[in-house]
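Enquirer: Here it is: the structure, laid out below.
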Amino acid sequence: MRVPPPLAGPTRDRLVQAFGRISLLVDRLLRECGEEIVCRHGCAACCRQVLNLRGVEASFLLEGARALPGEAVSLIWQHLPASGTDGPCPLLHGGLCLAYDHRPAVCRTHGLPMLRREGGETLVHHCAENFRGADASLLSPSLLLDEERLSLLMDAVDALYCMETGWGGDRISVEQLLRSGLHT
């Protein structure tokens, strides 16, 4: 399995900027709706799915995993055989992500109120743990993460990465990435 090339230059800057924009919106959302949102560092309810990452995010995540101390990498290897569709993410240990600062966009936004357009309808979806006593669809549109815009932003950064590195645009699962990239 081929591992995405290292991230550098303008692509790295664009990815960091994109994650910064996400963080600003998430911070604002937490300030204004904090009591309704249980998603925080340490919440791992959504960390039980197979994620197929864009090359740029895979490269960034691998960079973070490779920078971990040896004991953390050993924990990842211990969790790799158990990972899969029903298992926790191999980066999850004790309810925390070992590569938290390098997590992909989906991990930064999962569970938060997202605006989605389906079949001509506009829907707001979020983790069932959030907004238990409130209707998230009544939030100001400026507090909703627009799924389509987020995807377009991340696709644009990934396209720059593909042009810069020659990566073919293939997505790679977190498990495949770690299996192939942690030992190289």
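Enquirer: Could you grab me the full set of residues in segment 90-126 that are surrounded by 13 or more Cβ atoms within 10 Å (Cβ to Cβ), hydrophobic (A, V, I, L, M, F, W, C) and farther than 30 Å from residue 68 by Cβ?
Expert: 115, 124
Enquirer: What is the residue count in segment 137-184 for residues that are touching a Cys at 6+ places or on another chain (Cβ under 8 Å) and at negative phi?
Expert: The total comes to 4.
Enquirer: Quick one: would you say residue 143 is under 18 Å from the mean Cα position of the chain (by Cα) and at pLDDT below 95?
Expert: Details: under 18 Å from the mean Cα position of the chain (by Cα): no; at pLDDT below 95: yes.
No; evaluated as a whole, the condition is false for this residue.
Enquirer: When the residues of segment 16-32 are narrowed to those that are in contact with a Leu (Cβ under 7 Å, 6 or more places away or on another chain) and of a type in the set (A, V, I, L, M, F, W, C), which ends up farthest from residue 106 (Cα to Cα)?
Expert: Checked segment 16-32; the qualifying residue farthest from residue 106 (Cα to Cα) is 29.
Enquirer: Return the residues of segment 97-136 that are among the basic types (Lys, Arg) and within 20 Å of residue 45 (Cα to Cα); say none if nothing qualifies.
Expert: The answer is 103, 108, 132.
Enquirer: So, one more: Cβ contacts < 6 Å: first residue within 14 Å of residue 111 (Cα to Cα), restricted to segment 134-153; second residue of a type in the set (Lys, Arg) and in a loop (DSSP other than H, G, I, E, B), any location; separation 6+ or different chain. Result?
Expert: Pairs that qualify, where the first residue is within 14 Å of residue 111 (Cα to Cα) and the partner is of a type in the set (Lys, Arg) and in a loop (DSSP other than H, G, I, E, B): there are none.
Enquirer: I've got another one for you. Of everything in segment 14-55 that's modelled with pLDDT of 95 or more and farther than 21 Å from residue 178 by Cβ, which residue is surrounded by the fewest Cβ atoms within 10 Å (Cβ to Cβ)?
Expert: 20
The values are calculated or read from the model by the stated rules, or taken from the named source; none is laboratory data. Because the structure is a prediction, the values reported are computed rather than measured. Note that each Cβ is placed from the backbone with ideal geometry, even for glycine, and that neighbours are counted across all protein chains shown.
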